[in-house]
1. Using beta carbons and a limit of 7 Å, which pairs, at least six apart or on different chains, have the first residue in the stretch 464-481 and in the same structural domain as residue 439 (by TED's automatic domain parsing) and closer than 19 Å to residue 427 by Cβ and the second one part of a loop (DSSP other than H, G, I, E, B) and charged (D, E, K, R)?
2. Surrounded by fewer than 20 Cβ atoms within 10 Å (Cβ to Cβ), modelled with pLDDT of 90 or more, closer than 23 Å to residue 427 by Cβ and not small (Gly, Ala, Ser): which single residue out of 533, 513, 524, 546 fits that description?
3. Has the stretch 443-464 got any residue that is out of contact with any Lys or Arg (no Cβ under 9 Å at 6 or more places or on another chain), in a strand (DSSP E or B) and crowded, with 16+ Cβ neighbours inside 10 Å?
4. Given (1) part of a loop (DSSP other than H, G, I, E, B); (2) closer than 30 Å to residue 65 by Cβ, where does residue 540 come up short, assuming only one miss?
5. Residues that are aliphatic (A, V, I, L, M): which helices (runs of 4 or more DSSP H) entirely in the stretch 320-409 hold 2 or more of them?
6. Looking at residue 588, is it modelled with pLDDT of 95 or more and either of a type outside the set (Asp, Glu) or buried (at least 17 other Cβ atoms within 10 Å of the Cβ) (or both)?
7. Of all residues in the stretch 524-543, count the ones that are closer than 20 Å to residue 453 by Cβ and β-branched (Val, Ile, Thr).
8. Looking for whichever is at pLDDT 70 or above, within 23 Å of residue 542 (Cα to Cα), within 33 Å of the chain's Cα centre (by Cα) and surrounded by 14 or more Cβ atoms within 10 Å (Cβ to Cβ) here; the options are 47, 78, 71. Which one fits?
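The values are calculated or read from the model by the stated rules, or taken from the named source; none is laboratory data. What you see is a predicted model; the values in this text were computed from it and never measured. Note: ideal-geometry Cβ built from the backbone for every residue, glycine included; neighbour counts use all protein chains shown.
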Amino acid sequence: MKLFLSFYLLCLFFLNPLIGFSQTEDQKVFEISGVKYVLHTVKKNETTFSICQKYKVAQTELQKANSGISTVLQAGTTLKIPVGKVAAEPVKVEVKPQTQTPSNEEYYFHKVAKNQTLFSIAKQYGITEKELILYNPELSAGLIVGQVLKIPVRNTTDRDQEINRKTGVSDNQSFTKYKVESGETLYSLSARFGVEASELKKANPALLSRSLQAGETILIPQQAEKSKGNISPSAEVSSIFVEKKVESEPGICQPIAGKNNQKYKVGLLLPLYLPGNEQADAVSMNKAQLMSKISLNTPTVRNSADTTSVVNGMNIDQRAVNFVEFYEGTLLAIDSLQRSGMNIELFVFDVTNQQSINSLLQLDEFRDLNLIVGPVLPDLQENVASFAAKNRIPMVSPLSPAGNLEQNNSYYFKVSPGKEYQIEQTASYIADEFSGKNFILLQIPGESASPEAKLAQMSKEKLMAKASKSFHEYNFQNQGVNTINSILDENGENIFFIPSDNEAQVTIAMTNLNALAEKYNIVLMATPAISKLKSLQTESFHRVRLRYLTPYFADYNKPLVRRIVSEYRDYFSNEPSQFSFQGFDVSFYFLSALYRYGRDFRSCLPDYPMALTQMDFNFRKVAPMGGYMNHSLFVNSYERNFDILNFGVVGK
């Protein structure tokens, strides 16, 4: 961001005839439309207040020169400082002998909205104007729209009753105060405490118009609270496992007592496209061929033709590379579990067609499996799923969200949530998170059947049901980009949605949004498909702060992720991919459940949380006689500082 701003201003110096500059003692003074400025690069811990004090300039002038800034600044940001704009006279406030902000207190955080005054804010929170200025010394330079203020939490019954009166909550309802930690969102707290996001907003009125702030204290409705202390590490399987102490029915979900010496047989069905297997038929494939060992323990190296890979001197079809990486992640998971004492026998089968599937299903050894992972291709799963249900073997669909075999098969597990579920959850997130913000739905001619179009329609309906105060529809193709300014919020967030998966149309819309992002605070909601469009540069996603819900997020700051990356490099002399992480997550999760609870672990999974590398598993039954689907989705956000952050986990 710093480099971009510097480049932008440099271009202005050369292209704008109204701009001139001269040299002062140690800074360049330049002029735009008759106003003189200097540049200032924000240092760590600097605020708008401290910068205004340093340059003797009013905060209102600094805000006017740098639209969109807040009192909390990011180090490295470049600001324009107006020269000669004298700071406003400080407000004289009589305070008691205490001159410093009280320590060890809890705070609400309030973002200043249009037309608010010191009097109205103080009245809203039941404090005096003097106290408000005491806790926020920067107010001596004036109140600024968008400014974030600290509001002391009063530990009195009267304060709680006043909140209840304003929000419509019964005085009999009790709350627990909770201090928000860095990285937490409304949705992560909603999932953590088992309370709807709308209820959290109702209990904390300030959240109706802004997002959570790290360090602030909010109220959690007590009847929905899940104690943070209910989660503790388990040492039986691995330090990765996290166990919830839950009440369970007798004989159900009870861990195996004592040392578990049982050998568990696992079948891994992957399309490895090994030479000769695609042409083989059920008659010619004998048991020896089907049960022959597959060794892929060395790294894959692409050859110059880029159509095959070389593994142990064998040519591997390029189509199989991702699945080889999945297999390598599986090997890491098995190695970790074996070190914990689990006895595992892994059978890897190369399955690329229905004939090879049918041959496998005839083997006695296949009936002896305790877990089946795959096939990964949805069109090859039906016969295996029927076989698994008949023989009471849990079967995992490890990659694809397609198909609906989980609807009537109680032994089937779908790891990636279905597309319809992802659309529904994204629409609910949009309605809950952005109903009080400026939402613009872009109109794309001829789009009605794509997942994006369905999501747009569902989001519109949910926003209307919440009586969203600021909802617009806009067509760049018919209206151009110049007339959109009239519906944009200069001070708050402007939430856009592009209801299309057409690459050409999305590219045009993104070009316009990137231009608007230079002046306005833009957030683009989308589906994960947009991040895979080849014509779009990742930089453009960061400029518009792209946000979407997805089952995958790998946090490379997590100790587990760092450990797996290190082991993968040591074992395979390569970097792990999304498929490598997926192989580890799926294999470790289901194998550890098998080891902990035994062969019929199915009903235990809803209460079996675990730290993984890139997924969060929350398996729920989809129908009374059906199987299970993962319900967890991450909220991924591309930030302007080029971070990609996880804004929490959603899912029911």
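1. Here the result reads 470/437, each pair linking the stretch 464-481 to a residue that is part of a loop (DSSP other than H, G, I, E, B) and charged (D, E, K, R).
2. Working: 513 fails: surrounded by fewer than 20 Cβ atoms within 10 Å (Cβ to Cβ); 524 fails: surrounded by fewer than 20 Cβ atoms within 10 Å (Cβ to Cβ); 546 fails: surrounded by fewer than 20 Cβ atoms within 10 Å (Cβ to Cβ).
Unique residue meeting the criteria: 533.
3. There is no residue in the stretch 443-464 that is out of contact with any Lys or Arg (no Cβ under 9 Å at 6 or more places or on another chain), in a strand (DSSP E or B) and crowded, with 16+ Cβ neighbours inside 10 Å.
4. All conditions are met except number (1).
5. Once the helices (runs of 4 or more DSSP H) in the stretch 320-409 are filtered for at least 2 residues that are aliphatic (A, V, I, L, M), what remains is 321-339, 354-360, 382-390.
6. So residue 588 fits the description; yes.
7. Looking only at that region, the number is 2.
8. Being at pLDDT 70 or above, within 23 Å of residue 542 (Cα to Cα), within 33 Å of the chain's Cα centre (by Cα) and surrounded by 14 or more Cβ atoms within 10 Å (Cβ to Cβ) holds for just one of 47, 78, 71, which is 78.
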